[in-house]
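One structure is given here, and the rest of the page talks about it.
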Amino acid sequence: MAYCEKDGIGKKFVEGILVSLEIMGLFFLLQLLVSFVGIAAALTACMLQGMDVLDAKRAAVGIVMDGGFMTMLTVVSTFVSSIFSVSAYWMIWGRRRTAQDKQYFRENVLRIRTFAMIVIGCCGLYYLALLIAAVIAVASPETMENYNDMMDSALGGSQLLAVIAAVILAPVNEECIMRGLILKNLQRFFSTPVVILIQAVLFGIFHANWVQGLYVLPVGAALGYVAVKCRSVIPCIFMHLLYNSLSFVMGFLPVFCQTGIFAVSAVVVSAAAVWYLGKTAHTDQGNIVSER
């Protein structure tokens, strides 16, 4: 009997993970396919200009390596993925929202306190990510240099396109995939703490590089917690959007705001503020229940 129970738990664990990996893999392959089509189009355009195959390949490589082309390709691939992720999430989960879910959202999520916790939490998470990235840079400078080169290639073209890709399209796409399709799938198999942990790890893997994979772990965990508590991906999209926008805002802040001391202070203060707001929220809800 004990053996059967353990076997059932193991099967349940494998099924939950495999389905999540399949979802993530399909969207990852979709973005790769769009990128491949873009690169093939660049090669075809060079060949149509009368170049031989070798010269066309060289010219295509030059086009592909251009920051403007890669930024546009990032926008297009993320946009295409977003169409599928939003549609899939809506068809599978979004349209199942009940009147009770909508009432819960209005009464518990659309509140100034929730908004404040998300904003403050984003600031703390952003500086925590900077600290993790700083540790990675010290431990492996080459890894960080390669990461910076990759980001410059993907988002080093038009600033407007970079903002569209990172601040608008990526949050919508990734939240519908990770906190929508994958988290909802995991909730069928695991308890809430395990769901939050697994989807955070998968979120890191989805970024397909070690640096982001590590520093987005706490971000993914926080987004997973918000998705569970709010019963919706909408607050997660807003939180993700705000978090990503901070990388563009940082350049306008004073130099002191980019120091290690300030980063540590921001993490501590943000964590304390979010904890306090969360604690008082539970107290207020308890008082309301007692009055009823």
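The values are calculated or read from the model by the stated rules, or taken from the named source; none is laboratory data. All values derive from a computational prediction rather than experimental measurement. Here Cβ is always computed from backbone atoms with ideal geometry, including for glycine, and neighbour counts include all displayed protein chains. Please note that ligands, DNA and RNA were not included when accessible areas were found on the heavy atoms of the full protein model with its side chains. Shrake-Rupley method; radii C 1.70, N 1.55, O 1.52, S 1.80 Å.
Numbers for the structure displayed
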| read-out | value |
| --- | --- |
| Of all residues in the stretch 17-36 being within 18 Å of the chain's Cα centre (by Cα) and surrounded by fewer than 18 Cβ atoms within 10 Å (Cβ to Cβ), the one that is modelled with the lowest pLDDT | Leu32 |
| Hits in the stretch 219-254 (condition: open to solvent by 30 Å² or more (accessible area, probe 1.4 Å), among the hydrophobic types (A, V, I, L, M, F, W, C) and either at positive phi or not in a helix (DSSP H, G or I) (or both)) | Leu253 |
| Any hit, the stretch 205-218, residues being on the phi > 0 side of the Ramachandran plot and either small (Gly, Ala, Ser) or open to solvent by less than 20 Å² (accessible area, probe 1.4 Å) (or both) | yes |
| The stretch 188-218: number of residues that are free of Cβ contacts under 8 Å to residues at least 24 places away in the same chain, outside any helix (DSSP H, G or I), touching a helix residue (DSSP H, G or I) at 6+ places or on another chain (Cβ under 8 Å) and closer than 22 Å to Val14 by Cβ | 0 |
| Candidate set from the stretch 148-185 (those that are among the small types (Gly, Ala, Ser) and more than 24 Å from Tyr89 (Cβ to Cβ)); member that is modelled with the highest pLDDT | Ala162 |
| Residues of the stretch 255-272 satisfying the condition of being at pLDDT 90 or above and open to solvent by less than 30 Å² (accessible area, probe 1.4 Å) | Ala263, Ala266, Ser270 |
| Leading residue by the ranking (farthest from Val274 (Cα to Cα)) among those in the stretch 100-126 that are open to solvent by 80 Å² or more (accessible area, probe 1.4 Å) and among the hydrophobic types (A, V, I, L, M, F, W, C) | Leu110 |
